[in-house]
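Worksheet for the structure shown next.
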Amino acid sequence: MASILIVGSGASGVHFALTALNKGHEVTMLDVGYPQPMPPLAEATFNELKERLDDPVAYFLGTSAETVVYPNADAKFYAFPPSKGYVFAAPEEFKTRGPGFEPFISFAQGGLAEAWTGGVYTFNDDDLSEFPFEYAALEPYYQEISRRIGISAAKDDIAQFSPFGGDYLEPLRLDAHAERLLERYATRRSHLNRHLKFYLGRSRVATLSRDHRGREACDYLGRCLWGCPRKSIYAPSATLDELHTRAGFRYLPGFLAEHFSYESNGRVTAVEATSLEDGQRHTFTAERYVLAAGTLCTSKIVLDSIYRNTGRVERLHGLMDNRHFMMPFVNIGLLGRPVDTSTYQFHQLALGIQAEEAHAYVHGQITTLKASAVHPIIQNLPLDLRASLQVFRKAHTALGVANVWLHDERRSDNFVTIRPVEGTDRTELVITYTSEPPGESQRVVGVQRTLRKALRQLGCFAPSGMTRMLPPGSSIHYAGTLPMTPRPTPLACSPSGQSYDFENLYLVDGAVFPFLPAKNLTFTLMANAARVADIMS
Amino acid sequence: MAESLLVASAESLRREAEVFTRYLVARSPSDYVAAKYRDGHRVIPYRRLTGTLPIDELLVRVARRGVALAWLADTYGRIFRHDGPLRQKLVLLTAILESSPSFHENMTGSRSTSRVRVYLTLLGMGLGFVVRLAVAMLVFGPVQLVGALTGPKPRAESERPDG
C-alpha cells in the first residue's frame with residue numbers, strides 16, 4: 001500500500017482521503033486549514049440570536065458592520081456573513097490578479113464547501129458527454145458519497161435531468177411559499193413542460209432530514225447562511241473529523257503548499273510548503289501526490305512547479321465558471337401573510353429549463369427570503385427606505401429569488417498563468433476570463449424570458465430591472481484548467497486522474513472537468529475524487 | 001463653517017442616528033444602535049472618497065433636521081443619488097436595526113394583513129412617493145444641476161495620483 005500526500009481538505013480532498021484509507025493506503029493531508037469558529041447559542045433561532053447575543057450586530061454584520069450590502073449597481077440580495085469570513089481568508093503569501101473575474105479561494109478546513117448551500121445533483125450522460133467516462137462509471141461513487149454525507153431529496157420531475165441514484169433521506173419540510181409554488185406547478189405542469197420546457201421539483205440537499213452518522217437532523221432554526229450549529233448541512237470538515245479517527249491518517253494544518261519538485265522523467269519527488277507559523281519552507285515526501293486544493297490553487301501549484309523546475313511560465317487554458325443570475329420575484333398569493341423565520345433558509349425547490357442542445361440544460365434553485373438580511377432587499381425597491389420598509393413588511397413572506405446557472409465550456413482565451421512578484425521569490429496567479437460561450441448573451445435573455453413566464457404561471461411576478469447578472473467568477477464553480485482527456489495530452493490528466501506530465505501526481509478537483517454543466521458541481525467533485533482513489537492502482 | 005460629511009463629529013452622528021431611526025421605524029434608537037451607527041462610519045464606503053458633492057452635503061444636512069425632511073431627502077436620493085452618502089447612511093442604519101434586540105421586529109412582516117390592505121398600502125406609498133419626489137426635485141434639483149455643471153467629481157482614495 002502506498003503513502004499518499006494530499007494537498008487540500010476540501011470536498012475532493014477529504015473524500016479522496018477516506019476512500020484511500022478504506023483501501024489501506026497511508027494518507028497525509030497538507031493544508032492551510034483555517035478552522036471554523038464555534039457557532040454561538042446552538043439552540044437559538046435566527047431571531048433569538050438577535051435578542052440573546054451580547055453583540056448581535058457584530059455577529060450579523062461584523063465588528064464595524066463591514067458586511068453591510070451598500071447600494072450600487074451590482075449589489076446582491078444577500079452576502080456572505082462575517083461568520084463565514086474564515087472560509088475566504090487567505091495567507092499573505094498567496095496573491096491573485098484577475099481583472100473582471102472575482103475569484104473566491106478558500107484555505108479553510110473543508111475548503112469552499114464550508115460556505116456552500118448544499119445542492120447535490122448528479123450529472124447525467126449529457127452533462128458528461130465530454131468526460132472520458134459515462135454516468136455508469138460515476139454512479140457507485142454518487143451512492144457512496146450520498147451514504148457518507150446524507151442527502152434529503154424527493155423523486156420528482158428533476159430526476160429526468162439528474163438521475164436519482166442512492167438511498168436518499170426523506171425531503172426537508174417545506175415552508176408555505178415553496179409549498180404553494182409546488183401546488184401551482186402541479187396544476188400547470190403539462191403547459192409548463194410542453195410550452196416552456198420548464199420543470200420544478202424539490203431541492204436535493206446535503207442537509208439532514210433525520211440524524212445521520214453522528215450529525216443531527218435540521219431543526220429549522222433559520223440560521224443556514226450564518227452557519228448551522230447542528231451540522232445538519234454537510235460540510236467537508238465533518239468528513240475531516242471522521243478522518244481524524246482513522247489509523248493511517250495524518251493531518252498537517254498551517255502549511256501553504258507552494259510547488260513540487262520532480263525528476264527529468266516527470267516523477268514528483270517532494271512538495272515544498274511554507275509554514276504559516278514561522279515562514280520557513282518545509283519539504284514533504286510520499287510515493288504519490290494528490291492535488292485537491294481547488295481549481296485555482298491546484299493550477300497555481302502546477303504552474304509554480306514547472307516554473308521552479310524549468311523557468312518556463314505556462315498557461316493553463318480552459319478556465320470555466322457558470323454564469324449566474326438572480327431573479328427576485330413576488331408570490332402574489334402570499335402577500336400580507338405573516339412571515340415564519342423558523343424554517344430551512346436555503347433553497348427548497350430546484351428548477352430546470354431544457355435547451356435544444358441537451359448539454360445546455362439550465363439549472364436553478366429557488367430561495368424564499370424569510371430569514372435573510374432585509375437591507376439588501378429593501379434598498380432595491382423603487383421607493384424611499386421608509387416606504388420600502390413598510391411595503392417589505394407586507395410582502396415579506398411572498399418574496400423569493402431564483403438563482404439560475406448556465407453551463408460553461410473550455411475556451412482557449414480563458415486561462416490562468418503566473419507572474420513573478422518583484423523583490424520576492426514568489427509568483428502571483430493571473431486569471432484571464434474574457435470570453436463567454438458563443439451565443440450566451442442571447443441565451444441569458446431567452447432563459448430570463450422563459451423563467452419570467454414560468455413564474456407568472458406559478459402565480460408570481462418578477463419585476464424587470466431587478467434581475468442581477470453576477471460577474472464572472474462569482475459562481476465559485478471553477479473548473480477546466482487541467483482536464484481529463486482520453487489520450488495523453490500535455491497539461492492534462494488521464495480518465496483516472498493521473499497527470500500525463502507527472503507520473504505519480506493525481507488531480508482530483510474541479511481542474512479536471514472537461515465541461516461544466518449548469519448543475520452544482522460539488523457532488524460530482526466528491527464522487528469523482530472517490531472514484532480516482534478507488535481505481536488508483 | 002459647517003463640518004464636512006467626511007469628518008462628521010460624534011455629535012452629528014448621534015443626531016443622525018436619532019432622526020434616521022425615527023424616520024425608519026418611528027422609534028428612538030437605543031444607545032447600542034447609536035454606538036453601532038457611529039462605529040459603522042469607520043468603513044462606510046463614501047468616506048473613502050477624496051471629497052463630496054454639494055448635493056450630498058445638502059441632502060445629509062437637510063435630512064438631519066427632522067423626520068419629514070429626512071423623508072424628503074431620501075426620496076430624492078433614491079432616484080438621483082441612489083448610492084450617495086445619505087442612502088449609504090440609511091442602509092447602514094437599516095442593517096443595524098434589523099440585527100439589534102427589539103428593533104429587528106420592526107423590520108419583518110410578522111403580522112397578517114388582508115390582500116386588499118396590502119394593495120392599498122402599495123398604492124398609498126407609491127402616490128406619496130411621487131408627490132414627495134416632485135417637491136424634492138424643486139428643492140434639491142437645482143443644487144445638483146449647478147454642482148454637476150461646475151464642481152469636480154469626487155474620486156476614490158485609490159484613484160489619487162499619489163494613492
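The values are calculated or read from the model by the stated rules, or taken from the named source; none is laboratory data. Remember, it's a predicted structure, so these values are computed and weren't measured experimentally. Note: ideal-geometry Cβ built from the backbone for every residue, glycine included; neighbour counts use all protein chains shown. All accessible areas refer to the heavy atoms of the entire protein, side chains included, with ligands and DNA or RNA removed. Shrake-Rupley method; radii C 1.70, N 1.55, O 1.52, S 1.80 Å.
Against the criterion of being surrounded by fewer than 24 Cβ atoms within 10 Å (Cβ to Cβ) and either polar (S, T, N, Q) or assigned to a strand (DSSP E or B) (or both), A:THR417 qualifies. Count of region A:357-391 residues, restricted to those that are more than 30 Å from A:PRO483 (Cα to Cα) and more than 7 Å from every other protein chain (Cβ to nearest Cβ), is 13. The single condition among (1) more than 14 Å from chain B (Cβ to nearest Cβ); (2) surrounded by 21 or more Cβ atoms within 10 Å (Cβ to Cβ) that A:TYR86 does not meet is (2). When region A:174-215 is filtered for residues that are modelled with pLDDT under 95, under 24 Å from A:ILE149 (Cβ atoms) and open to solvent by 50 Å² or more (accessible area, probe 1.4 Å), the ones remaining, listed by number, are A:ARG213, A:GLY214. When B:GLU16 is tested against the conditions (1) within 13 Å of chain A (Cβ to nearest Cβ); (2) modelled with pLDDT of 95 or more; (3) open to solvent by less than 30 Å² (accessible area, probe 1.4 Å), the lone failure is (1). Give the residues of region A:126-142 that are in contact with a strand residue (DSSP E or B) (Cβ under 6 Å, 6 or more places away or on another chain) and either assigned to a helix (DSSP H, G or I) or among the charged types (D, E, K, R) (or both), sorted by residue number. The one that is in contact with a strand residue (DSSP E or B) (Cβ under 6 Å, 6 or more places away or on another chain) and either assigned to a helix (DSSP H, G or I) or among the charged types (D, E, K, R) (or both): A:GLU130.
Filtering region A:81-138 to residues that are among the aliphatic types (A, V, I, L, M), free of Cβ contacts under 8 Å to residues at least 24 places away in the same chain and under 18 Å from A:GLY8 (Cα atoms) leaves only A:ALA90.
For every residue, the table says whether it meets (1) among the hydroxyl-bearing types (Ser, Thr, Tyr); (2) in contact with a Ser or Thr (Cβ under 6 Å, 6 or more places away or on another chain); (3) not in a helix (DSSP H, G or I).
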{"residue": "A:ARG194", "(1), (2), (3)": "no, no, no"}
{"residue": "A:GLY222", "(1), (2), (3)": "no, yes, yes"}
{"residue": "A:PRO229", "(1), (2), (3)": "no, no, yes"}
{"residue": "A:THR239", "(1), (2), (3)": "yes, no, no"}
{"residue": "A:LEU256", "(1), (2), (3)": "no, yes, yes"}
{"residue": "A:ALA270", "(1), (2), (3)": "no, yes, yes"}
{"residue": "A:ILE301", "(1), (2), (3)": "no, no, no"}
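Here region A:342-364 is the region considered, the condition is being surrounded by fewer than 23 Cβ atoms within 10 Å (Cβ to Cβ) and of a type in the set (S, T, N, Q), and the residue that is nearest to A:ILE151 (Cα to Cα) is A:SER342. Looking across region B:100-131, the residues that are of a type outside the set (A, V, I, L, M) and touching a Leu at 6+ places or on another chain (Cβ under 6 Å) come down to B:PHE103, B:ARG115, B:PHE129. If I filter region A:314-328 for residues that are part of a strand (DSSP E or B), open to solvent by 20 Å² or more (accessible area, probe 1.4 Å) and either within 14 Å of chain B (Cβ to nearest Cβ) or at pLDDT 95 or above (or both), do I get at least one hit? Scanning region A:314-328, I find at least one residue that is part of a strand (DSSP E or B), open to solvent by 20 Å² or more (accessible area, probe 1.4 Å) and either within 14 Å of chain B (Cβ to nearest Cβ) or at pLDDT 95 or above (or both), so the answer is yes. Six or more apart or on different chains, Cβ under 7 Å: which pairs go from a residue in region A:162-173 that's in a strand (DSSP E or B) to one that's buried (at least 19 other Cβ atoms within 10 Å of the Cβ) and of a type in the set (S, T, N, Q)? Could you list them? That search, which allows pairs on different chains as well, returns A:LEU169/A:SER152; A:LEU169/A:SER209. For A:LEU335, the criteria (1) within 28 Å of the chain's Cα centre (by Cα); (2) buried (at least 22 other Cβ atoms within 10 Å of the Cβ); (3) within 14 Å of chain B (Cβ to nearest Cβ) hold in every case but one, which is (1). Scanning region A:2-39 for residues that are on the phi > 0 side of the Ramachandran plot and either buried (at least 24 other Cβ atoms within 10 Å of the Cβ) or in contact with a strand residue (DSSP E or B) (Cβ under 9 Å, 6 or more places away or on another chain) (or both) gives A:GLY8, A:GLY33. In this structure, A:ARG443 qualifies as touching a residue at least 24 places away in the same chain (Cβ under 8 Å), farther than 30 Å from A:THR343 by Cα and open to solvent by 30 Å² or more (accessible area, probe 1.4 Å).
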